[in-house]
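These notes concern the structure reproduced below.
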Amino acid sequence: MKKYKPTTKSRRQMTNVNYREFLTAKKPEKSLTYGFKRSVGRNSAGRITMRHKGGGHKRLYRAVDFLYDKKNIPAKLKSIEYDPNRSAFIGLAVYKDGEKRYVVVPKSVKPGMTFVVSEKAELSAGNRLPLKNIPVGTFVYNIELKRGGGAKIGRSAGIFAQVVANADGYTNLKMPSTEVRKVDENCWASIGSVSNEEHHLENYGKAGRSRWKGIRPTVRGTAMNPVDHPYGGGEGRQGRGTRRPKTMWGKVTGGRKTRTPKKYSNVFIVSRRRTGKSKKSQS
């Protein structure tokens, strides 16, 4: 991590990933980029469905390949690049037939490394093969949940899942959340863990950096009026005033399970994720 001299109060706390150690290109591949409009927390009707989003620096979108539909053709990583739309680093992969694609790169990868998407690929970082061909104990990322559906799980910085078992046409995966889930053994996954594992140690240091990222301020419920929040109102500073913690809309939080009881994917969960204070002691 990169630290700064305490020239100001915010600079004293600020930490950042030392990108010079990892990145090898400053400008993206023009043919794989395009402009786009961010949703900034709005749905298709334009209504806010996720608060505290908006503004931020304009971004150029990199078309990252999550389908990996070029099989049995080796690819070479030409460069490691920054992507403003995700926490992981991306790499420009040049396939043997000349096609270029962006891919999420694994940890400790360097330009010049080769990878291949094949059922008979070696168990080396970046290679991609079906879960049934991956031995127990291996770390994987970019995992499919449906065959041919593209990578859906394990795409964020420093993340990986672990193969726990192979049986009855399914592979048991221990997810980053500690949940153990069954996935079809014919689904594909990449070997290794995602790059930029120091991302979670980053400290923005000042409010302005959050605004650059498109994160707007969060107002405490107790600072609001009673009409705006269950915690609002009162003379001076007041406690919560309600028996259970609630959201702005009165929905109970803090321990109540919110997962749909009859959700279609319940049958694929071998053990639920650990939650609460006991999670750290058990992991």
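The values are calculated or read from the model by the stated rules, or taken from the named source; none is laboratory data. In this text the structure is predicted, and so the values were computed from the model without any measurement. Using ideal geometry, Cβ is built from the backbone for each residue, glycine included, and neighbour counts are taken over all protein chains shown.
Which count do you get for residues in region 144-156 that are more than 16 Å from LYS71 (Cα to Cα) and surrounded by 15 or more Cβ atoms within 10 Å (Cβ to Cβ)?
Going residue by residue through region 144-156, those that are more than 16 Å from LYS71 (Cα to Cα) are 145-146, 152-156.
Filter again for surrounded by 15 or more Cβ atoms within 10 Å (Cβ to Cβ), leaving 145, 153-156.
Of the residues in region 144-156, 5 are more than 16 Å from LYS71 (Cα to Cα) and surrounded by 15 or more Cβ atoms within 10 Å (Cβ to Cβ).
Any residue at all in region 101-115 that's part of a loop (DSSP other than H, G, I, E, B), over 17 Å from VAL194 (Cα atoms) and of a type in the set (D, E, K, R)? Spell out how you get there, then give the answer.
Kept after step one, since they are part of a loop (DSSP other than H, G, I, E, B), are these residues of region 101-115: 105, 107-113.
Checking which are over 17 Å from VAL194 (Cα atoms) leaves us with 112.
Within this subset, residues satisfying the condition of being of a type in the set (D, E, K, R) are none.
Looking through region 101-115, none of the residues is part of a loop (DSSP other than H, G, I, E, B), over 17 Å from VAL194 (Cα atoms) and of a type in the set (D, E, K, R).
Quick grid of which residues meet (1) in contact (Cβ under 8 Å) with a residue 24 or more places away in the chain; (2) exposed (fewer than 10 other Cβ atoms within 10 Å of the Cβ):
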| position | (1), (2) |
| --- | --- |
| GLU185 | yes, no |
| LYS213 | yes, no |
| PRO230 | no, no |
| GLY233 | no, no |
| GLY241 | no, no |
| ARG244 | no, no |
| PRO261 | no, yes |
| said: Quick check on my filter: what residues within region 254-281 are at pLDDT below 90, under 30 Å from PRO230 (Cα atoms) and of a type in the set (Ser, Thr, Tyr)? | reply: THR258, THR275, SER278
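State all residues of region 1-29 that are within 28 Å of VAL94 (Cβ to Cβ), charged (D, E, K, R) and free of Cβ contacts under 8 Å to residues at least 40 places away in the same chain; if no residue qualifies, say none.
ARG20, GLU21, LYS26, LYS27
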| request: Would you tally the residues in region 59-87 being over 25 Å from PRO130 (Cβ atoms), charged (D, E, K, R) and assigned to a strand (DSSP E or B)? | output: 3
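Tell me, please, whether a residue that is farther than 21 Å from ALA88 by Cβ, touching a Leu at 6+ places or on another chain (Cβ under 6 Å), outside the structural domain of ILE269 (by TED's automatic domain parsing) and not charged (D, E, K, R) can be found in region 163-170. Write out each step before concluding.
Initially, region 163-170 is screened for residues farther than 21 Å from ALA88 by Cβ, giving 164-170.
Still in the list and also touching a Leu at 6+ places or on another chain (Cβ under 6 Å): none.
So far as region 163-170 goes, no, none of its residues is farther than 21 Å from ALA88 by Cβ, touching a Leu at 6+ places or on another chain (Cβ under 6 Å), outside the structural domain of ILE269 (by TED's automatic domain parsing) and not charged (D, E, K, R).
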| request: Mind listing whichever residues of region 1-50 are assigned to a loop (DSSP other than H, G, I, E, B) and aliphatic (A, V, I, L, M)? | output: MET1, MET14, VAL17, LEU23, ALA25, VAL40, ALA45, MET50
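Residue by residue, here is whether (1) closer than 30 Å to ARG20 by Cβ; (2) in contact with an Asp or Glu (Cβ under 7 Å, 6 or more places away or on another chain); (3) modelled with pLDDT under 95; (4) aliphatic (A, V, I, L, M) holds:
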residue: LEU131; (1), (2), (3), (4): no, yes, no, yes
residue: TYR141; (1), (2), (3), (4): yes, no, no, no
residue: ALA151; (1), (2), (3), (4): yes, yes, no, yes
residue: SER177; (1), (2), (3), (4): no, no, yes, no
residue: CYS187; (1), (2), (3), (4): no, yes, no, no
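Look at region 88-97 and say how many of its residues are in a loop (DSSP other than H, G, I, E, B) and either touching an Asp or Glu at 6+ places or on another chain (Cβ under 9 Å) or not assigned by TED's automatic domain parsing to the domain that holds ALA121 (or both). Break it down into steps so the answer makes sense when it comes.
First pass over region 88-97, keeping only residues in a loop (DSSP other than H, G, I, E, B): 88-89, 96-97.
Next, from what is left, pick out any that are either touching an Asp or Glu at 6+ places or on another chain (Cβ under 9 Å) or not assigned by TED's automatic domain parsing to the domain that holds ALA121 (or both): 89.
Residues in region 88-97 being in a loop (DSSP other than H, G, I, E, B) and either touching an Asp or Glu at 6+ places or on another chain (Cβ under 9 Å) or not assigned by TED's automatic domain parsing to the domain that holds ALA121 (or both): 1 in total.
Okay, residues lined up against (1) surrounded by 12 or more Cβ atoms within 10 Å (Cβ to Cβ); (2) of a type in the set (Ser, Thr, Tyr); (3) in contact (Cβ under 8 Å) with a residue 12 or more places away in the chain:
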position: SER31; (1), (2), (3): no, yes, yes
position: PHE36; (1), (2), (3): no, no, yes
position: ILE48; (1), (2), (3): yes, no, no
position: LYS70; (1), (2), (3): yes, no, yes
position: LEU77; (1), (2), (3): yes, no, yes
position: GLY98; (1), (2), (3): no, no, no
| note | Exactly one of VAL104, VAL116, VAL136 is within 24 Å of the chain's Cα centre (by Cα), more than 29 Å from LYS37 (Cα to Cα) and surrounded by 14 or more Cβ atoms within 10 Å (Cβ to Cβ), and that one is VAL116
| field | Given (1) polar (S, T, N, Q); (2) in a loop (DSSP other than H, G, I, E, B); (3) more than 30 Å from ILE90 (Cβ to Cβ), index of the condition ASN196 fails | value | (3)
| query | When you scan region 140-160, how many residues do you find that are in a strand (DSSP E or B), hydrophobic (A, V, I, L, M, F, W, C) and more than 16 Å from ASN196 (Cα to Cα)? | reply | 3
